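Chemist: Structure below; questions to follow.
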Amino acid sequence: MFENTFKNIDDILHKDAGCSSELDYTEQTSWMLFLKYLDDLEKDKALTAELLDIDYEYIIDAEHRWGKWAAPKDAEGNFDHNNADTGDDLMEYVDGELFPYLKGFKQRAVSPDTIEYKIGEIFGEIKNKIQSGYSLRDCLEKVDELRFRSQEEKHELSHLYETKIKNMGNAGRNGGEYYTPRPLIRAMVDVVNPKIGETIYDGAAGSAGFLCEAFDYLRKRDEDKLSTSDLKTLQEKTFYAKEKKSLAYVIAIMNMILHGIEAPNVIHTNTLGENLSDIQPSNQHDIILANPPFGGKERKEVQQNFPIKTGETAFLFLQHFMKTLKPGGRAAIVIKNTFLSNADNASVALRRELLENCNLHTVLDCPAKTFLGAGVKTVVLFFTKGEPTEKVWYYALDPGRSLGKTNPLNDNDLKEFVTLQKKFKSSEKSWSVKVADVDVETYDLSVKNPNIEEEAPLREPTAIIEDIIALDKESESILVSIKGLL
């Protein structure tokens, strides 16, 4: 229905001097989509209020509503070009009046969990990068063709938006941090098996792919049984997220909205700025699904918030997740595979903490290039808080092919893992390790498949040189013998 519209918008932005990559295309499309969505939502609510014979109080005032500046219509409902600003006039209005007005909602909002606050947060961070008022006018007309009224329309829009986020992940620069392969997320959700009434949290939300997939999982699995109360719980009291970066924050909100979560509980903040000792039971969650950024280095003042001091961002996030998980809560966290074997004090202490206070029941070893452009191998840690680990079940994921942009991970690749994990079955790709057999000095949890013969260890350089010298002497002797025969 809307695929051509999205393509046309990208084509327009591609020609504009202010937009240079997929990251910019998605960012600029997002703020326009958000305002169009908000306008459709307000129209629906106003219509419902009218049917109930009550007044509806609009969030956006009449002067700044979509139908006034972005897509004015004539009496017949057709686009009114005579009353639509374009060129410099449109740019002056958007940059000088609209964005400052929307940014002001943050100060006017009653509390951070309101849609008003989120409007202010979004437009306080995001900037209009489109430089031509004519390009902006063309984009607005295309966005106006999109409809958010039916579930079918929202489903297609969410699918197209996911494709845009995936393209961002393939666009180089830091785009990959916004995108975790959806088949991997779905397998993680399947293993932790969330239930309605449980809260689900991601403290490094990126594009909110984990929460969107968890929402789809809960809604589809229990579609026939969901009561009005269940739907309200899913909408308002199930999904919680934090995100530090402005662009990711906007994309996370838009992605959740398109998946059907009308007022997402996403907070724009640096998760690691929170002191672990300040996390109370009221801040804890039943389930944590996350792919924290790896490779980053945190400043000393941030490290002071954590009992195990380390500059590695992902290791600080793991501590945050362990503290934020409720007793009995379940987590699935993506992390660099070097976490399992690093010999530094912080890594050893963190592994000991994880094994002693949580049941690390499953480690999924992901193949190279699972994350395009990341350049590191990863594992997924599945654990339950509140009981020590006795046995760790490993699964070495091997899709039987080299992964890449044109050959990514798919759901079928993870089917065996999900099936075997339910009963921790052993196979050629899976095995178990007792914690009692782990070296208590190092707590090394490296992935070592006992079903595969280890390659012969590399020899020392001195031994190789000695062999070369011996072979040279042997060759010399043979040549002398041959010469004597001539």
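Residue-wise test of (1) surrounded by fewer than 21 Cβ atoms within 10 Å (Cβ to Cβ); (2) modelled with pLDDT of 90 or more; (3) among the aromatic types (Phe, Trp, Tyr); (4) over 15 Å from LEU140 (Cα atoms).
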site	(1), (2), (3), (4)
PHE2	yes, no, yes, no
ILE12	no, yes, no, no
LYS15	yes, yes, no, yes
GLY18	yes, yes, no, yes
SER21	yes, no, no, yes
ALA49	yes, yes, no, yes
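Chemist: Output the residue which, of all residues in the stretch 219-241 that are in a loop (DSSP other than H, G, I, E, B) and either within 20 Å of the chain's Cα centre (by Cα) or not hydrophobic (A, V, I, L, M, F, W, C) (or both), is nearest to ILE333 (Cα to Cα).
Modeler: Taking the stretch 219-241 as the starting set, the residues that turn out to be in a loop (DSSP other than H, G, I, E, B) are 222-227, 237-238.
Subsequent filtering for residues that are either within 20 Å of the chain's Cα centre (by Cα) or not hydrophobic (A, V, I, L, M, F, W, C) (or both) retains 222-225, 227, 237-238.
Working: ASP222: 25, GLU223: 27, ASP224: 30, LYS225: 30, SER227: 31, LYS237: 22, THR238: 19 Å.
Among those that are in a loop (DSSP other than H, G, I, E, B) and either within 20 Å of the chain's Cα centre (by Cα) or not hydrophobic (A, V, I, L, M, F, W, C) (or both), it is THR238.
Chemist: Exactly one of these conditions fails for VAL433: (1) modelled with pLDDT of 95 or more; (2) surrounded by 15 or more Cβ atoms within 10 Å (Cβ to Cβ); (3) within 28 Å of the chain's Cα centre (by Cα). Give me its number.
Modeler: With (1) modelled with pLDDT of 95 or more; (2) surrounded by 15 or more Cβ atoms within 10 Å (Cβ to Cβ); (3) within 28 Å of the chain's Cα centre (by Cα) applied to VAL433, the lone miss is (3).
Chemist: In addition: Which one of the conditions (1) modelled with pLDDT under 90; (2) within 20 Å of THR199 (Cβ to Cβ); (3) part of a helix (DSSP H, G or I) does ASP216 fail to meet, given that it meets all the rest?
Modeler: (1)
Chemist: Another one. Please list, ordered by first then second residue, the pairs with beta carbon atoms under 8 Å, 6 or more apart or interchain, first in the stretch 213-225 and small (Gly, Ala, Ser), second surrounded by 18 or more Cβ atoms within 10 Å (Cβ to Cβ) and in a loop (DSSP other than H, G, I, E, B).
Modeler: ALA214/PRO194
Chemist: Are any residues in the stretch 95-134 crowded, with 20+ Cβ neighbours inside 10 Å, farther than 18 Å from TYR58 by Cα and either touching an Asp or Glu at 6+ places or on another chain (Cβ under 9 Å) or outside the structural domain of ILE60 (by TED's automatic domain parsing) (or both), and if so, which ones?
Modeler: ILE126, ILE130
Chemist: Suppose we filter the stretch 394-429 for residues that are in contact with a Ser or Thr (Cβ under 8 Å, 6 or more places away or on another chain) and either more than 14 Å from THR362 (Cβ to Cβ) or not assigned by TED's automatic domain parsing to the domain that holds ASP190 (or both); how many remain?
Modeler: 2
The values are calculated or read from the model by the stated rules, or taken from the named source; none is laboratory data. Bear in mind that the values here come from a model prediction, so they are computed numbers and not experimental data. Glycine also receives a Cβ, built like all others from the backbone with ideal geometry; neighbour counts cover every protein chain displayed.
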